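Working notes, structure below.
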Amino acid sequence: MKIAEVSKRYDISADTLRYYERVGLLRHVPRNSSGIRDYNETNCKTVEFLKCMRGAGVSIEALIEYMDLFDEGEHTASARKALLEEQRDLVRERIADLQAGLDRLDYKIAHYESVILEVEKGMRA
């Protein structure tokens, strides 16, 4: 699969895919005889994983570390698990922060709804 097809399939720019390859996140992408990237199913699964992790806010640095460990083999399973658990904790913290912000927005909106009702009552009187 060519880079444009992968880009479209996963809604990731070709520049991002090239960047992932350059920094070592997307490894072992085969090229055809003309030197054009020819993504296989394994590469596509990696792209899907990277997109999901980046969407969750996992840093490039953490993902590079994860991919390094992954390439070292099964004996790094504990280290990979620990890295993912650490990232999960960070995501939970961000979710808590977002929830606090959402709660504050809901509170302020409810406050203004009551203010608007009071103003409208005053206009009718």
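For Asp68, work out the one condition from (1) surrounded by 17 or more Cβ atoms within 10 Å (Cβ to Cβ); (2) touching a residue at least 24 places away in the same chain (Cβ under 8 Å); (3) within 25 Å of Glu93 (Cβ to Cβ); (4) not hydrophobic (A, V, I, L, M, F, W, C) it doesn't fulfil.
In the conditions (1) surrounded by 17 or more Cβ atoms within 10 Å (Cβ to Cβ); (2) touching a residue at least 24 places away in the same chain (Cβ under 8 Å); (3) within 25 Å of Glu93 (Cβ to Cβ); (4) not hydrophobic (A, V, I, L, M, F, W, C), Asp68 misses (1) alone.
Give the residues of the range 4-16 that are open to solvent by 30 Å² or more (accessible area, probe 1.4 Å) and assigned to a helix (DSSP H, G or I), sorted by residue number.
Ala4, Glu5, Lys8, Arg9, Asp15, Thr16
Here's the yes/no breakdown for (1) surrounded by fewer than 14 Cβ atoms within 10 Å (Cβ to Cβ); (2) in contact (Cβ under 8 Å) with a residue 24 or more places away in the chain; (3) under 19 Å from the mean Cα position of the chain (by Cα):
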| site | (1), (2), (3) |
| --- | --- |
| Ile64 | no, yes, yes |
| Glu72 | yes, no, no |
| Lys81 | yes, no, yes |
| Asp89 | yes, no, yes |
| Ala100 | yes, no, no |
| Arg104 | yes, no, no |
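Determine, yes or no, whether Leu63 is over 20 Å from Glu86 (Cα atoms) and at pLDDT 95 or above.
no
In the range 34-46, how many are open to solvent by less than 80 Å² (accessible area, probe 1.4 Å) and either assigned to a loop (DSSP other than H, G, I, E, B) or not basic (Lys, Arg) (or both)?
7
Where the second residue is in a loop (DSSP other than H, G, I, E, B) and the first is among the basic types (Lys, Arg) and lies in the range 21-39, which pairs have Cβ atoms under 7 Å and are six or more apart or on separate chains?
Arg31/Asp38; Arg37/Lys2; Arg37/Val29
Residue-by-condition table, conditions (1) loosely packed, with under 10 Cβ neighbours inside 10 Å; (2) not hydrophobic (A, V, I, L, M, F, W, C):
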| position | (1), (2) |
| --- | --- |
| Arg18 | no, yes |
| Glu48 | no, yes |
| Met53 | no, no |
| Glu61 | yes, yes |
| Leu84 | no, no |
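Can you tell me which condition Ala77 does not meet? The list is (1) in a helix (DSSP H, G or I); (2) within 30 Å of Lys2 (Cα to Cα); (3) open to solvent by less than 50 Å² (accessible area, probe 1.4 Å), and all the others hold.
Condition not satisfied by Ala77: (2).
The values are calculated or read from the model by the stated rules, or taken from the named source; none is laboratory data. The structure displayed is predicted, hence computed values, not measured ones. All Cβ positions, even for glycine, are placed from backbone atoms using ideal geometry, and neighbour counts span all protein chains on display. Just so you know, the surface numbers come from the protein's heavy atoms only, side chains and all, with ligands and any DNA or RNA stripped out. Shrake-Rupley method; radii C 1.70, N 1.55, O 1.52, S 1.80 Å.
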